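Let me begin by presenting the structure, written as structure tokens, before commenting on it.
The values are calculated or read from the model by the stated rules, or taken from the named source; none is laboratory data. As the structure is a prediction and not an experimental result, all values here were calculated from the model. As a convention, Cβ positions derive from the backbone with ideal geometry for all residues, glycine included, and neighbour counts pool all protein chains shown. These accessible areas exclude ligands, DNA and RNA; they are computed on the full protein's heavy atoms, side chains included. Shrake-Rupley method; radii C 1.70, N 1.55, O 1.52, S 1.80 Å.
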Amino acid sequence: MERTDVVVCGGGFAGLTTALALATRGASVVVLEAHPRGNNPQFRGELIHPRGARDLDRLGILTPLEQAGSVEIAGFSAWANGEDEDVVLPYQRGRGAGVGVDHHAMLDAMREVARARGVTILLGQRASEILRSGDRVIGVRTECGKGFRAELTVAADGRQSRVRKMLGIEAFVERLSHTVTASIPRSALPRAAYGHVFLGGVGPVLAYPFARESARMCIDLPLNAAKGADAIAEYVRVHQAPQLTPSVREALLESLAKGEFGGCATHAVTTTTCAVPGAVLVGDAGGCAHPLTATGMTAAMNDAQTLLECTSLLGLSDAALVRYQRLRYRFVRARDSFTEALYEVFRAQDQGSRALQRGVFSYWRGSARARATSMGILSGDDARMSVFMAEYARVMGISTLDVWRGLLPVRPRAAATTRMLKTSLGRLERAVDFAVQAMIDERRVRLSDLPTRALEAVA
């Protein structure tokens, strides 16, 4: 039985950032990664918002990523329904740039840094059993029978986390859509330093630079879309390619013709607990939203930094885990509400959502403050639920005005307004549900063996 301060189950982005963060406070850390070569062949995140980039810089990882070929991202360019002009949404001034980086190059660089700082990384080692002493988690055992005893066990093995299940933490997993991914020349993007969102097809399309000469495309397809490589390629040509700008469309069609595309399912994962005695969830294991807003890695960085702050204050104790749970849910509730609402509006499957989509673009075009506020929510720099709700209410008002200006007869205007309000009020109701649930989650304490004085310390 090996002894260590921390054992991290999962050697992807969330696991490595958590390991590096805890190693900075002097903890001995072992990372167990199930894949023998350390790289999951499925597509994983490559875009990090400025908040996450600042956290990477604090951990000393940003420079190694630059050396591995990362590029700066200045914000987003949004295109609606084949229009000739985009809305430019720069990141908030003074917050720095985002980062785009090839996922495998990123993990290789991060592993090199982690090993240099004393983190032990074991590839081809999957946790198969949770070790307990009474109700407390005291480590894990791998499939090959090797045991690791630790003060803290971290589940960082993704949205379908096996460790989360072994810890007895329930999660609601919803399959949302399929994502087709392709690589195109960066020069094909209308704005080479920006991420791009294209709307108007059966789902949104995200494109962003991830290397000096390359850009990634993530194309959202409904669950009932065609199956099989040839059928998917044809589906994208017919239903998604027409919404793109000419240069991006041409580059994508060329990639499809060569068969140079992949794919993965997209899920929303919701948890109401992310800590039990002796163990925590980080990254997608603790919950995730649709990747449209590209907040997954930024949220994982927030988890790592929050865990670092809590354990620096209270040590590797259950009191630190209670504090971590409260702060984590406080951050993710606005992100999840924003992502869910934006995805529903951007895929615009009904008239109410289409009206809201037009309202969003009118809102952005009409005010620099609106653009800055939206980007603050998107990037995680502003995680207040009240701000999200206020902005959504403004979009509702603008959408209503657009409907009444665009339809002359009273009855069609009234019917369209009713549909839009029904959709938007449903979104707000969901946001309120998120907020209430998150406040409950903040205060939910499953660490029943904590002494009263420890709870008082984090109240």
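Set side by side, the residues R164, R216, R175 differ, and just one is open to solvent by 10 Å² or more (accessible area, probe 1.4 Å) and more than 20 Å from W79 (Cβ to Cβ), which is R175. Being part of a loop (DSSP other than H, G, I, E, B) and either closer than 23 Å to R369 by Cβ or in contact with a helix residue (DSSP H, G or I) (Cβ under 8 Å, 6 or more places away or on another chain) (or both) is the filter here; which residues of region 94-104 pass it? G94, R95, G96, A97, V101, listed by residue number. The strands (runs of 3 or more DSSP E) located wholly in region 45-93 that include 1 or more residues which are of a type in the set (S, T, Y) and over 15 Å from H103 (Cβ atoms) occupy 75-80.
When A150, A114, A127 are checked against the criterion of being within 30 Å of E72 (Cα to Cα), hydrophobic (A, V, I, L, M, F, W, C), at pLDDT 95 or above and surrounded by 14 or more Cβ atoms within 10 Å (Cβ to Cβ), a single residue qualifies: A114. Within region 367-376, the set of residues being over 10 Å from V87 (Cβ atoms) and open to solvent by 20 Å² or more (accessible area, probe 1.4 Å) comprises S367, A368, R369, A372, T373. Any residue that is open to solvent by 10 Å² or more (accessible area, probe 1.4 Å), on the phi < 0 side of the Ramachandran plot and of a type in the set (G, A, S) - is there at least one of those in region 264-280? Within region 264-280, one or more residues are open to solvent by 10 Å² or more (accessible area, probe 1.4 Å), on the phi < 0 side of the Ramachandran plot and of a type in the set (G, A, S). Filtering region 156-171 to residues that are in a helix (DSSP H, G or I) and either closer than 20 Å to Q42 by Cα or under 23 Å from the mean Cα position of the chain (by Cα) (or both) leaves R162, V163, R164, K165.
I need the full set of residues from region 13-44 which are in a loop (DSSP other than H, G, I, E, B), within 18 Å of A279 (Cα to Cα) and open to solvent by less than 20 Å² (accessible area, probe 1.4 Å), in order please. Result: A27, single match. For region 343-366, a residue qualifies if it is open to solvent by less than 30 Å² (accessible area, probe 1.4 Å), modelled with pLDDT of 70 or more and over 21 Å from the mean Cα position of the chain (by Cα), and the qualifying residues are A355, L356, Q357, G359, V360, F361, Y363, W364. Here region 1-54 is the region considered, the condition is being under 20 Å from the mean Cα position of the chain (by Cα) and charged (D, E, K, R), and the residue that is nearest to R132 (Cα to Cα) is R44. Scanning region 3-12 for residues that are assigned to a strand (DSSP E or B), open to solvent by less than 10 Å² (accessible area, probe 1.4 Å) and out of contact with any helix residue (DSSP H, G or I) (no Cβ under 7 Å at 6 or more places or on another chain) yields one hit, V7.
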